[in-house]
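Contents: one structure, followed by commentary.
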Amino acid sequence: MSDTVERKDMKAFVIAERLKEWDTGVFASYGPLAAASIAKFGGRYLALSTKVETLEGPMPPLAVAVIEFPSLEQARAWYASSEYQEAALIRRSGAENRFIVLAEDAARGAPHNALAEKRS
């Protein structure tokens with residue numbers, strides 16, 4: 001993980017990208033279970049869309065969700081929870097996804113400057 005100090009009051013954001021799908025029917029079952037598990041861990045959807053456009057780089061994913069959690073600890077606990085893993089098992093039967101989590105401090109100020117400082 002990162003060598004930065006994690007504060008419990010820093011928000012965290014999960015970015016979920018749907019990369020491939022072969023059975024869209026799984027989302028009727030997955031959606032409500034995922035939403036309930038997110039709420040249980042204090043999370044909320046900030047965005048959820050299939051209207052994804054690439055501004056730079058390779059082709060966009062088929063869908064993207066951005067989920068806010070009160071802390072990185074809560075985001076990790078949600079993803080590892082039995083409630084979410086039950087939903088994820090359903091999702092995985094019809095799609096391939098990538099999940100990324102980032103802490104709020106990575107998005108503050110001028111992140112490119114902070115990253116450059118870390119590399120030097």
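Values quoted throughout were computed directly from the atomic coordinates according to the rules given, and no laboratory measurement underlies them. As the structure is a computational prediction, the values presented were derived from the model and not from experiment. As a convention, Cβ positions derive from the backbone with ideal geometry for all residues, glycine included, and neighbour counts pool all protein chains shown.
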Isotropically averaged projected area of the stretch 3-67, using the convex hull of Cα atoms (one quarter of hull area), nm²: 6.4 nm²
Likely footprinting exposure, F41, F27, F69, fewest C-beta neighbours within 10 Å first: F27, F41, F69
Of I67, I100, I15, how do they rank once you tally other Cβ atoms within 10 Å and put the fewest first? I100, I15, I67
Under 16 Å from the Cα of K11 - aspartates and glutamates, other chains or at least 8 residues apart: E68, E73, E104, D105
Residue by residue through the stretch 46-51, what is 3J(HN,Hα) from phi via Karplus (6.51 cos²θ - 1.76 cosθ + 1.60, θ = phi - 60°)? Round to whole Hz and write x for glycine and proline. 9, 7, 7, 7, 9, 8
R76-K20 pseudo-label distance in nm [points 7 Å out on the Cα-to-Cβ vector]: 3.0 nm
Given R₀ = 25 Å, what would the calculated FRET efficiency be for S93 paired with L62, taking r from the Cβ atoms and rounding to 0.05? 0.95
Binned at 10 Å from 0, what are the whole-percent values of the Cα-Cα distance distribution for the stretch 12-119, short to long? 14, 42, 32, 11, 1
